[in-house]
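This report concerns only the one structure given below.
The numbers here are math on the coordinates, done by the rules we state, and not lab data. What you see is a predicted model, and the numbers here were worked out from it, not measured in a lab. Heads up, the Cβs are rebuilt from the backbone with ideal geometry, glycines too, and the neighbour counts pull from every protein chain shown.
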Amino acid sequence: MRVGGNGTGRWSVAFLALALLSACASAPQKPVVPEATLDLPGGEFLFAHAPEDTRAANMVRRAVAKASPQLARWGTFQEPVTLVIHPDHAALERAANRSGYDFLRAWARYEQVEVQSPQTWTRSGASQKQVDELLLHELTHSLMYQSSATVSDWTRKGIPLWFSEGMASFTAGQGYRVPSLEDLARFLHQHPQADPLARAESLYESENATVYGAAHHAFTFLMTRYGEERIRSTFSVMRQGRDFNAAFQEAIGIPVDAFLRDFRRYVYLRGFKGGRLNPPPSRPRDEDKGLPWIPLLPPSTPGPSGSPDTTLEPTSATR
Ligand SMILES: [Zn+2]
């Protein structure tokens, strides 16, 4: 159910502005004007910002409009989303309740996205293209939360970082930003104890680029092997009450840890370099049939994981 027309939206934002003022000193000082509402086929969007950030808010507004059709593959927003434009990085970190995340430029929740003013991303400010990419990434997060849960239980679904970041990075076409599969393979060989997927949270700050890269490639592998219809089913099963692990198993057809082992083998054995690997001795599972472009790899053995060894700087500014 979508709620809120123009009137409801206006009151929502006024309420939001008051709430932010009490919670965060750098919150927008005034509610947005009604004209800042954007009502699109995929959802309703509101914009909260101080008057001096109007130009930045307009960049964000254009980016939201561009993102909307690209988000349609995952569904539509059930609730309005408010984009809060913060004047600087410190204000964003306070709103996100995170500190020391210098790379962060935005933070997405169920029905609100915090955005650092694009004019402060670099000395000369961000380009519209950069803002477009960031907003598509962030709105993918919010849409995934809304598709999978209610506003009261979205933080309790146990959606892992690799899945949410991988989905957002995939949707926003950010593969060019992250370490390659070959980088990831080297990492797994050189750092057998680290696990940038199942234990992504523990590496998020120290090995940010590798965590995002592993997430992007794992989600791409999931899309290629199982298809987006099953991924959408994962959301609807979660919305019916299941947590992520149960929904994944029901919709995709295998347990999450089995999928992650498959992906790990694919990377570790460099299955992405077609033709280098022999097929497995056993029959493929049903879900592997018809996907010859992803080599079937031998059964996994407990083991190697890696710690990040990428030369890529964490250029992404999202979470
Ligand atoms: Zn993200």
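For a quick check: with amide H placed at 1.01 Å from N, whose amide H comes under 5 Å from ALA50's, ignoring anything fewer than 5 positions away on the same chain?
GLN29
Count charges around ALA149 for me, please; just the other residues with Cβ under 15 Å from its Cβ, Lys/Arg as +1, Asp/Glu as -1.
On the way: positive: ARG109, ARG156, LYS157, ARG232, ARG239, ARG242; negative: GLU79, GLU111, ASP153, ASP243.
Cβ neighbours under 15 Å give a net charge of +2.
Based on the inverse mean of 1/r over its pairs of different Cα atoms, what is the Kirkwood hydrodynamic radius of the range 157-288, in Å? Display every interim value, and only then the final one.
On the way: mean 1/r = 0.0653 Å⁻¹.
Roughly 15.3 Å, rounded to one decimal.
How far apart, in nm, are two points set 7 Å out from the Cα along the Cα-to-Cβ line at ASP88 and at ARG123?
Going from the ASP88 label point to the ARG123 one covers 1.7 nm.
Could you list which residues have their amide H under 5 Å from that of GLU44, counting only those 5 or more apart in sequence or on another chain, with H placed in the peptide plane?
The answer is VAL81.
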